[in-house]
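Note sheet for the following structure.
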């Protein structure tokens, strides 16, 4: 395996660790932290591939991910603060979409 | 650089429309006027240098692309173009529109601000439509502009919303042109399928290369489209009633735009028409018969605006004759000259009728010549151009060219030439009638009208153009790539004699008691041969009957308030709309009704219950919890990754 | 710098991330997240992506974590809450672990596909990056900007009544 492969495996690992966190944790705050981890996985992947090919586009994509993460964190935390009084920050309590 | 200038030309009127129609704030009367005039005149200012550069030969044919899309082999390319036709036509349209807009600013001065806004918004939109028709380099922009004009003509003709007659006239114009537009759309789409491109430059060769039958169908469809827009036989009924609109509308609609768009269409696609002798002959016959018909009806009119309306379709008949005779350049020259003098005639007639107390009846114009001498003089110049007064008027030169083209087109053309010659004489008879009427001494002296330069300025300019246009005919024909037909001195003298005969005829008709009584009695002719009634009897009434028959049962079955006022809404449902419902009811009766007490029904109901149960079970998946959905996402991701792994194994 | 250093840092980041998502205490989780993000930034520097590294440190490890810190300060961190959190995780970790684990095996064994040549990580020119973002990718950049604006408006909307609510909570 080349270094790039290892880095890509690690980036997939970061993503899946985050995915596990979002699925397994019930507190919205912890889910948000897990989401951050999830987003950092692809970021690592983009940078690694960009560095491997000597292309600037990896960094470009990283900046896109960064913008996404920033917007997501701001909105997510606002929602958390908003819902905490009603549900104690438990995402399972917000289930009005139940069929 | 210059190419993009072309794209700008139709934009000011469009912007004017948007501003006037959509601006939510109350605009001052002056602001409305300023916006309308600026938007109406800007195209001329923008286009004049381009056109002059083109005529001077500084720039050649140009295409300004606006937007391009490729679908496989099909290419959708929206663009504007500058060639001989579009340069001449767009210049004519912008000049005439400028004059009409300035005139309208005076004519509509007493209207309410809201009406003024509506009027000028629509006029500007209309102008934008016509400009995109003449400058279009592709069939899509062409058709868009074409339809835009149709829509605006409806609104402008029914401008006077309080009058049911105006509304009916607008509706009639809309429906009649719609029928022809459907044919035009079909023709353009067929051409598109042949060419796999919407560029007009590609469409024409593709149409020429198409197999014989299809090419004929395309040519005939285009011809029908042109006939409808130009109010030629058998679509002519909408134009005379369209006079319900204000005078500037008539001046714009019936001179350079709307009705002339049909001629522009035919000139644009002239190679397709000429490629098939039958279609060309049909074009010429339609043109000549409309010319005769229009002239005959115009002679019998007692209303000056209706007279001018019939003269419009008669003159456009001449253009069609020229196209049918294979001389589109000549048709173009006649288009330009006609646009100049016809807008002049309409606007001068508006001033004269104002001077004589607001009536448009020819009889009542008495004495208006003394009340508004300048406008009267310009009207005389316009009438002379319309009648083709020899040598001095532009109308004579262009009409001579049309007649010459007919003579030189063989025996068939010579026959048409004879008919057209008679029409030219008739044109003289009706053209001067309002002149003599206006010259008569008034019953009671009319107050002199104070000439407003807003109104008179355009009139004088157009009158000068109607005379000096004589020098334009030759260059226009040559620019269009045709030769000016010279059919020999005898033929030309005959044309001049016809015009003079028309002049004498008009004197006879106006001053001889016997003849003026005859004109008064010619009711059938006045009503346009009662084509409306014939159409009603043979087309509209049977159609209504069929509709009644198709929807009759429903109308009777209906209960509730709708059932009782059949009379007010005409008692007609929509036969097409109710067809599916009726079909469904019939199927229910025939197919499912016999099974109702049977096992079939039970089986159906059981399967319904099963579906319901499955639905209840499926609902359990929807826990509403974020975590569940994330888990489903993780599961799907895992399955996908495993699948991808399996497929790339080894 | 070298690939080896980058791999080492990324491994650290991965380990910190795994620990972060399994902590019962939000404060601990946040600190581990910070560690993970810092390690990633180091990995970026190691891959000669200096601009990305600086941005990672400033925005991710700086601003984003700071925002988290503000929120975490209001969180109940008592022993009972931690016990509840631990209990929630204990009862719920199996199915997610299984589903996520589904993809682990193919990624571990399937990714080492084609032959890829060795080479030192190549740095990217920041000037080129600017040209890329505001040239070819102009639309994408605009979209990200729009998304940020949408986020800002959303936060403003959600947070318009937060002040009084938080005060009320404090009084309880």
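Give the number of residues within segment B:600-635 that are surrounded by 13 or more Cβ atoms within 10 Å (Cβ to Cβ) and either at the interface with chain C (Cβ under 10 Å from one of its Cβ atoms) or outside any helix (DSSP H, G or I) (or both).
12
Report the residue count in segment C:87-96 for those that are in contact (Cβ under 8 Å) with a residue 60 or more places away in the chain and within 10 Å of chain B (Cβ to nearest Cβ).
0
Please enumerate the residues belonging to segment B:290-318 that are in contact with a strand residue (DSSP E or B) (Cβ under 9 Å, 6 or more places away or on another chain), surrounded by fewer than 24 Cβ atoms within 10 Å (Cβ to Cβ) and outside any loop (DSSP other than H, G, I, E, B).
Matches in segment B:290-318: B:303 only.
Here are the criteria: (1) more than 12 Å from chain B (Cβ to nearest Cβ); (2) without any contact (Cβ under 8 Å) to a residue 24 or more places away in the chain; (3) more than 12 Å from the chain's Cα centre (by Cα). Tell me which single one residue A:96 does not satisfy.
Checking residue A:96 against (1) more than 12 Å from chain B (Cβ to nearest Cβ); (2) without any contact (Cβ under 8 Å) to a residue 24 or more places away in the chain; (3) more than 12 Å from the chain's Cα centre (by Cα), the one that fails is (1).
Results for (1) over 21 Å from the mean Cα position of the chain (by Cα); (2) within 14 Å of chain B (Cβ to nearest Cβ), shown as yes or no for each residue.
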site	(1), (2)
C:12	no, no
C:41	no, no
C:70	no, no
C:84	yes, no
C:98	yes, yes
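What about residue A:44, is it buried (at least 23 other Cβ atoms within 10 Å of the Cβ), within 13 Å of residue C:44 (Cα to Cα) and facing chain C (nearest Cβ under 7 Å)?
On the way: buried (at least 23 other Cβ atoms within 10 Å of the Cβ): yes; within 13 Å of residue C:44 (Cα to Cα): yes; facing chain C (nearest Cβ under 7 Å): yes.
Criteria met by residue A:44.
What is the one condition in (1) within 25 Å of the chain's Cα centre (by Cα); (2) at pLDDT 80 or above; (3) surrounded by fewer than 20 Cβ atoms within 10 Å (Cβ to Cβ) that residue B:22 does not satisfy?
(2)
Of the numbered conditions (1) in contact (Cβ under 8 Å) with a residue 40 or more places away in the chain; (2) on the phi > 0 side of the Ramachandran plot, residue B:14 fails exactly one; give the number of that condition.
(2)
Whether any residue in segment A:54-61 is out of contact with any helix residue (DSSP H, G or I) (no Cβ under 6 Å at 6 or more places or on another chain), under 25 Å from residue C:50 (Cα atoms) and at pLDDT 90 or above is what I want to check.
No, every residue in segment A:54-61 fails to be out of contact with any helix residue (DSSP H, G or I) (no Cβ under 6 Å at 6 or more places or on another chain), under 25 Å from residue C:50 (Cα atoms) and at pLDDT 90 or above.
Which of the residues that make up segment C:20-31 are within 9 Å of chain A (Cβ to nearest Cβ) and without any contact (Cβ under 8 Å) to a residue 24 or more places away in the chain?
C:20, C:21, C:23, C:29, listed by residue number.
Could you grab me the full set of residues in segment B:376-391 that are under 26 Å from the mean Cα position of the chain (by Cα) and outside any helix (DSSP H, G or I)?
B:388
Counting just the residues of segment A:70-88 that are under 19 Å from the mean Cα position of the chain (by Cα) and more than 7 Å from every other protein chain (Cβ to nearest Cβ), which one comes out surrounded by the fewest Cβ atoms within 10 Å (Cβ to Cβ)?
The qualifying residue surrounded by the fewest Cβ atoms within 10 Å (Cβ to Cβ) is A:72.
I'm trying to understand the selection: among the residues of segment A:1-40, which are at the interface with another protein chain (Cβ under 7 Å from one of its Cβ atoms) and either touching a residue at least 60 places away in the same chain (Cβ under 8 Å) or in contact with a strand residue (DSSP E or B) (Cβ under 7 Å, 6 or more places away or on another chain) (or both)?
If we filter segment A:1-40 for residues that are at the interface with another protein chain (Cβ under 7 Å from one of its Cβ atoms), which is where we start, we get A:1-10, A:12-14, A:16-27, A:29-30, A:33-34, A:36-37, A:40.
Scanning segment A:1-40 gives A:26, A:27, A:29.
Do we have residue C:129 as modelled with pLDDT of 85 or more and either out of contact with any strand residue (DSSP E or B) (no Cβ under 6 Å at 6 or more places or on another chain) or more than 8 Å from every other protein chain (Cβ to nearest Cβ) (or both) here?
Here the answer is yes, as residue C:129 does meet what is asked.
Select the helices (runs of 4 or more DSSP H) contained entirely in segment B:147-265, then report the ones holding at least 3 residues which are surrounded by fewer than 23 Cβ atoms within 10 Å (Cβ to Cβ).
On the way: elements: B:164-195, B:200-209, B:212-229, B:238-241, B:247-253.
Answer list for segment B:147-265: B:164-195, B:200-209, B:212-229.
The values are calculated or read from the model by the stated rules, or taken from the named source; none is laboratory data. All figures in this text were calculated on a predicted structure; none of them were measured in a lab. FYI the Cβ positions are ideal-geometry reconstructions off the backbone, even for glycines, and counts take in every protein chain you see.
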